[in-house]
Amino acid sequence: QCQLNGLWRNDQDSLMEISMLRDNGDFQGQYLTRVTLSGDCAQISPLRGAQQQLGEEGWPTFAFTVRWDKFSNATTAFVGQCFVDASGKETLSTMWLLREAVGSLEDDWKATR
């Protein structure tokens, strides 16, 4: 079975650490991204989420948000599922939406990636 807690690395060499996974599926941690809107060096941002609780079988789904408050006025929501391959390697498959603050409703069209 997949365990979300621990350290994860993505294809962009960013790191995510889930340090607290509660019995009810809630979790928190931090995200160290190497991909920033400002182009600066890596920054740590807080994350909070929840994992769907499953029985002994199946691969859990989860969702979490990251608040990029140290270098950007944006928030990203991730959703995904955890898988384990035949060799025992755990992989998180995710999709994300990033929402950047804009100054007006007219600029709303360019706020979500």
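The values are calculated or read from the model by the stated rules, or taken from the named source; none is laboratory data. Quick caveat, the model's predicted, so the values are computed rather than measured. Positions of Cβ are generated from backbone atoms using ideal geometry, with glycine treated the same way; all protein chains shown enter the neighbour counts. Ligands, DNA and RNA are stripped out before the accessible areas are found, and what is left, the full protein with its side chains, is counted by its heavy atoms. Shrake-Rupley method; radii C 1.70, N 1.55, O 1.52, S 1.80 Å.
The residues of the range 55-68 that are surrounded by 14 or more Cβ atoms within 10 Å (Cβ to Cβ) and part of a loop (DSSP other than H, G, I, E, B), listed by number, are TRP59, PRO60, TRP68. Which ones in the range 70-113 are aromatic (Phe, Trp, Tyr) and touching a strand residue (DSSP E or B) at 6+ places or on another chain (Cβ under 8 Å)? Scanning the range 70-113 gives PHE71, PHE78, PHE83, TRP96. Residues that are farther than 16 Å from TRP96 by Cα and assigned to a loop (DSSP other than H, G, I, E, B) were ranked within the range 35-48; the one that is modelled with the highest pLDDT is ALA42. Checking each residue in the range 82-108 for being without any contact (Cβ under 8 Å) to a residue 40 or more places away in the chain, over 14 Å from ASN10 (Cα atoms), in a strand (DSSP E or B) and open to solvent by less than 70 Å² (accessible area, probe 1.4 Å) picks out only LEU98. In the range 10-33, of all residues being charged (D, E, K, R) and in a loop (DSSP other than H, G, I, E, B), the one that is farthest from the chain's Cα centre (by Cα) corresponds to ASP23. Considering only residues in the range 69-81 that are farther than 19 Å from ALA50 by Cβ and among the polar types (S, T, N, Q), the one that is surrounded by the fewest Cβ atoms within 10 Å (Cβ to Cβ) turns out to be ASN73.
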